[in-house]
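Contents: one structure, followed by commentary.
The values are calculated or read from the model by the stated rules, or taken from the named source; none is laboratory data. Computed from a prediction, not measured in an experiment: that's the story for all the values here. Here Cβ is always computed from backbone atoms with ideal geometry, including for glycine, and neighbour counts include all displayed protein chains. Keep in mind that these areas ignore ligands, DNA and RNA; they rest on the heavy atoms of the full protein, side chains included. Shrake-Rupley method; radii C 1.70, N 1.55, O 1.52, S 1.80 Å.
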Amino acid sequence: MTTVNYIIDNGLVNRLTSDRKWLDSYIPSIAGRVKKQGIDVVFDRDSDFDLMHIHIPMTLAYRMSCKNNNGNYIPIIFHAHLTEDTFMVGGNTKYFIRKWFKGLANKADIILCPSQSTAEYYLELLPGKDVRQLNHGIDLQKYAYSGRGRQAFRKEHGIGENEMVVCSVGGLTLRKGVSEFCKAASCFPDMRFMWVGGSFHKKQSVKSLYGIISKEKNIVTKDVPSNVMFTGYVNNVPGALSASDIFFFPSRHETQGLGLVEAAANARPIVTRDLPVFREWLTHGSNCLMGSNEEMFNAYIQQLADDPVLMKRLGSEARRSAEKYHDIDKTSKRLGQIYNELLEQ
C-alpha cells in the first residue's frame, strides 16, 4: 500500500494555537477517504513513506523537505492553504512570510491550491512550477441542515425559538471580519449575532507577539453590542449553522473560506464580502448576496430578514453549489489520482 506522510507539525501547532478545527475536521475526513483508494496516510513521520504532503508549512515541513537534498528523493506536494495576506501584518513581516512560503513551495513537485485565486498567486510567485487547483471538500451529509440540531443548539446556548440569528464561523481575528460583524450587530438590536470560533493563539505571549508585529489590536469581546454572543470553539458547527437564520461572512481575505463552504452545505442564506475567491463558486443574487462595504452588508441582512422566500431560495441554491464544487468524495478521488500520478513519474 502506498504511504503518504501528512506534515501537519502537530507538536508545534498544539503549542501555538487552540484552533484545530481545520486539522481535526478536514484532514481526518480526506485521509479516511484516500485510504479507500489503497493509499495509507501517516502524520509527521520521519521516514518510511512514499510521498510527502505538506499541509502546515512550518519548521517540520522545512526540515523534512531539506532531507531530499541528501539523497533518497521523496516526491513532495505543497498544499498552499496560506499566503502572506492570510496574516494581517506589516510589509516587512509579509516579505519574510512570502519568502518562507516561496522557499518551501519551490521544493515541491506539485503546488496544490484550494482556489484559482491562490493558484494565480503561486504561479506569479514561482513561474514554471506545477501549480494545480483542487477545491476543499467537506462531508456534505454531516453539514446538512437539521431541525433537531437547530433546537438542541438553541436550547444549549439560551437562544429563543423565535429569535432571528445571524451567524459567522471563524477565528476571532480582524481578518475574518469581526469588526464588521459587530458593527452590523449594532444596527440590528432586535437580532442575535452569534460568532462561532475563538482566538487562534493558545498562549498570551504568542498573542501579544502577534499583536506587536501585526496591524491588529486585540479583540475585546466585552466592548461589543449586547446582542453579540461569542460561543468560542464548538465541536458542533453543523448544529450552530442549523441554529442560525442568516450566515454573514465579512472576511477580508481567504484562500477558500471553509466556514462559508460549510454554511452553503447547511443551506443557509449567505451575505458575504465580494471577493474573487468566492466568485469562483458563488454568484450574487443567485446563491448568495455579496457586498463590499458595511452599508451593503446591512442592506442585504435586512433584505433577507424581510423576505423568507428569498432566504429559502438562496439557501437552497447555496447547497447546490456546495454539492457541485465542494463534495469531499469528489475531492478525495481527485487527490488520490494526483498521488498516483506523482508516484508513477
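Quick check on residue 108: is it under 25 Å from residue 32 (Cα atoms) and open to solvent by less than 60 Å² (accessible area, probe 1.4 Å)? Step through it out loud before you land on a result.
Values: under 25 Å from residue 32 (Cα atoms): yes; open to solvent by less than 60 Å² (accessible area, probe 1.4 Å): yes.
The answer is yes for residue 108.
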- Item | Selection status of residue 184, within 23 Å of residue 249 (Cα to Cα), open to solvent by less than 20 Å² (accessible area, probe 1.4 Å), in a helix (DSSP H, G or I) and without any contact (Cβ under 8 Å) to a residue 60 or more places away in the chain | no
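Say whether the condition of being at pLDDT 95 or above, closer than 18 Å to residue 100 by Cα, under 25 Å from the mean Cα position of the chain (by Cα) and open to solvent by less than 20 Å² (accessible area, probe 1.4 Å) is met by at least one residue in segment 9-21. I'd like the intermediate steps shown before the answer.
In the first step, residues of segment 9-21 are kept if they are at pLDDT 95 or above; the result is none.
No, the conditions are met nowhere in segment 9-21.
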- Hey, any hits in segment 142-162 for a residue that's surrounded by 16 or more Cβ atoms within 10 Å (Cβ to Cβ), modelled with pLDDT of 95 or more, aliphatic (A, V, I, L, M) and not in a loop (DSSP other than H, G, I, E, B)? no
- Task: Would you check if there is a residue in segment 113-120 being modelled with pLDDT of 90 or more, surrounded by fewer than 18 Cβ atoms within 10 Å (Cβ to Cβ) and either within 23 Å of the chain's Cα centre (by Cα) or among the basic types (Lys, Arg) (or both)?
- Result: yes
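Has segment 121-135 got at least one residue that is under 27 Å from residue 245 (Cβ atoms), open to solvent by less than 50 Å² (accessible area, probe 1.4 Å) and either outside any helix (DSSP H, G or I) or without any contact (Cβ under 8 Å) to a residue 24 or more places away in the chain (or both)?
In the first step, residues of segment 121-135 are kept if they are under 27 Å from residue 245 (Cβ atoms); the result is 135.
Right, trim to open to solvent by less than 50 Å² (accessible area, probe 1.4 Å) and you get 135.
Filter once more, so that each one left must be either outside any helix (DSSP H, G or I) or without any contact (Cβ under 8 Å) to a residue 24 or more places away in the chain (or both): 135.
There is at least one residue in segment 121-135 that is under 27 Å from residue 245 (Cβ atoms), open to solvent by less than 50 Å² (accessible area, probe 1.4 Å) and either outside any helix (DSSP H, G or I) or without any contact (Cβ under 8 Å) to a residue 24 or more places away in the chain (or both).
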- Query: Would you pick out the residues in segment 58-81 that are open to solvent by 10 Å² or more (accessible area, probe 1.4 Å) and under 22 Å from residue 255 (Cα atoms)?
  - Reply: 58, 59, 62, 81
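Consider residue 262 carefully, then state whether it is within 27 Å of residue 29 (Cα to Cα), of a type in the set (D, E, K, R) and either open to solvent by 30 Å² or more (accessible area, probe 1.4 Å) or in contact with a helix residue (DSSP H, G or I) (Cβ under 9 Å, 6 or more places away or on another chain) (or both).
Values: within 27 Å of residue 29 (Cα to Cα): yes; of a type in the set (D, E, K, R): yes; either open to solvent by 30 Å² or more (accessible area, probe 1.4 Å) or in contact with a helix residue (DSSP H, G or I) (Cβ under 9 Å, 6 or more places away or on another chain) (or both): yes.
Considered against the rule, which asks whether it is within 27 Å of residue 29 (Cα to Cα), of a type in the set (D, E, K, R) and either open to solvent by 30 Å² or more (accessible area, probe 1.4 Å) or in contact with a helix residue (DSSP H, G or I) (Cβ under 9 Å, 6 or more places away or on another chain) (or both), residue 262 comes out as yes.
Quick one: is residue 175 part of a strand (DSSP E or B) and over 16 Å from residue 241 (Cα atoms)? Steps first, please.
Values: part of a strand (DSSP E or B): no; over 16 Å from residue 241 (Cα atoms): yes.
In short, no.
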- So, of the residues in segment 292-309 that are small (Gly, Ala, Ser) and surrounded by 12 or more Cβ atoms within 10 Å (Cβ to Cβ), which turns out to be farthest from residue 277 (Cα to Cα)? 305
